[in-house]
Amino acid sequence: MPKTAKTMPELKMETTRRDFLKGGAGAAALSVAGSAALTGLVEPAAAKAPLMGAARPTHYRFKFGDFEITTIYDGAVTIGQVYPIFGNDQFPEDVEERLEANFLPKNKMVIPFTPVIVNTGDAVVLFDTGNGALRRNRGAGQVAKALGAAGFAPEQIDVVVITHFHPDHIGGLMEGGKPLYTNARYVTGEVEYDFWSPKELAEGGGRMASRGRLVQSNVVPLAEKMTFLKGEGEVVPGIRSIETFGHTPGHMAFHIESGNRRMLLWGDVTNHYVVSLQAPEWHVAFDMDKEKAAKTRKRILDMVATDKLLATGYHMPFPALGFVEKAGDGYRWVPASYQLDL
């Protein structure tokens, strides 16, 4: 008889064994399920986990040469319009078309706020301070809380750098009417301070007066501890300023350089990754000198793209880190992925 042939008794035995095992497993499963149901161990099929609401990271940290850099999420606000805030010298349909081409709604936008901490090993430097109490009821003003989650206490900040004096950058300088960063010295542009600090600017009504009053309450009291920069002034070794006027009269950006690596912190040079960065010539309502701001945008974006610099922008999508590439007559924001984790 061939070796592969099986006798009838063998076949019967195997079939019986399979059937027995299948039946035994099924019986055991039924027994466990039935016992669990009787003892209340199995929840009703309709039970569901409760909804917990949206969650956002508080910070992102990476190594940069000999420095350690942390971006801090101050929160965000949602507004119900894009045009005419962005592209206010364009046709509305052109702005809407660009938004939709980038999978964004045409009549609503989220504006995030991202201060940055650079720990050089010798100094802990904070760039901009968020909204503070100004927009806390709208979801922003979270820096004081986020610092703790990132492992910092306010008194550990050695230097506070202010790119410009708009409320979302200076609102967090004070908390409860008192300086939050009690051990810090302060750095800002001389042109910016000279424009905003006169008391006359804070008189009367309107947006400029309102902003002038905030400067009087949050910035001017710190003037004795403040260093004023012009041109390429040094904040600490490895961090130097660059004049980027237009968004405000004395807006500053900053080169950060360590271990043969260089990045640019551009503040509000461009403050939306689509309807500002992709079309740098478009006018933006937030810019005080719109033509100068557009020229500055083109100059800075061209530098970042040409030199292949890492960049961080205050209103870029969190963690607000990425690169810029040339695209036609404009540019494209390329978010950082794992480059910073290597």
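Miscellaneous remarks
- Computed on the chain, with alpha-carbon pairs under 8 angstrom and 6+ residues apart, the relative contact order is 14 percent.
- Cα-centred dipole magnitude for the stretch 59-341, charges only on beta-carbon of K, R (+1) and D, E (-1), debye, nearest 20: 480 debye
- Remark: the Lys178-Lys63 segment gains 38.1 nm on full extension, using 0.36 nm per residue and subtracting the alpha carbon distance.
- Anisotropy class of the stretch 224-263 from Cα gyration tensor, a/c 1.5 cut: oblate
- A Cα-only calculation for the chain places Rg and Dmax at 29.0, 113 Å.
- Taking label positions 7 Å along the Cα-Cβ direction at both Glu93 and Lys225, the computed distance is 5.6 nm, reported to one decimal.
- Cross-linked pairs Lys145/Lys178; Lys290/Lys326; Lys106/Lys145: Cα-Cα separations exceed 26 Å for Lys106/Lys145.
- Debye-formula intensities of the stretch 190-246, expressed as log10 I(q)/I(0) at q = 0.12, 0.14, 0.20, 0.23 Å⁻¹, are -0.35, -0.47, -0.81, -0.94 (one equal scatterer per alpha-carbon, no solvent).
- The chain: calculated mean residue ellipticity at 222 nm from DSSP helix runs of at least 4, using -39500 (n - 2.57): -8000 deg cm²/dmol
- Net charge of Cβ neighbours under 11 Å - reference Gly75; Lys, Arg +1; Asp, Glu -1: +3
- Around Ala150: net Lys/Arg minus Asp/Glu count, Cβ-Cβ under 14 Å: +1
- Cα-based radius of gyration of the stretch 192-342 once divided by 2.2 N^0.38 Å, which approximates compact folds: 1.13
- Loop-located trypsin sites (Lys or Arg not before Pro) in the stretch 250-310 whose Cβ has at most 12 other Cβ within 10 Å (DSSP): Lys308
- Normalised Debye scattering of the stretch 114-164 at q = 0.26, 0.28 Å⁻¹ gives log10 I(q)/I(0) of -1.06, -1.17, counting only Cα atoms as equal scatterers and leaving out solvent.
- Counting only aspartates and glutamates at least 8 places from Lys295 when in the same chain, those with an alpha carbon closer than 13 Å to its own are Glu243, Glu281, Asp287.
- Proximal aspartates and glutamates to Lys225, defined as alpha-carbon separation beneath 14 angstrom and excluding residues fewer than eight positions away on the same chain: Asp158, Glu190
- In loop segments of the stretch 229-278 as defined by DSSP, the GluC sites (Glu not before Pro) with at most 12 further C-beta atoms inside 10 Å of their C-beta are Glu232.
- Cα shape, the stretch 51-98, gyration tensor, a/c 1.5 rule: oblate
- Loop-resident sites, the stretch 41-123, for trypsin sites (Lys or Arg not before Pro), counting at most 12 other Cβ within 10 Å (DSSP): Lys48, Lys108
The numbers here are math on the coordinates, done by the rules we state, and not lab data. Given the structure is predicted, the values throughout are model-derived calculations rather than measurements. We place every Cβ from the backbone using ideal geometry, glycine too, and count neighbours over all the protein chains shown.
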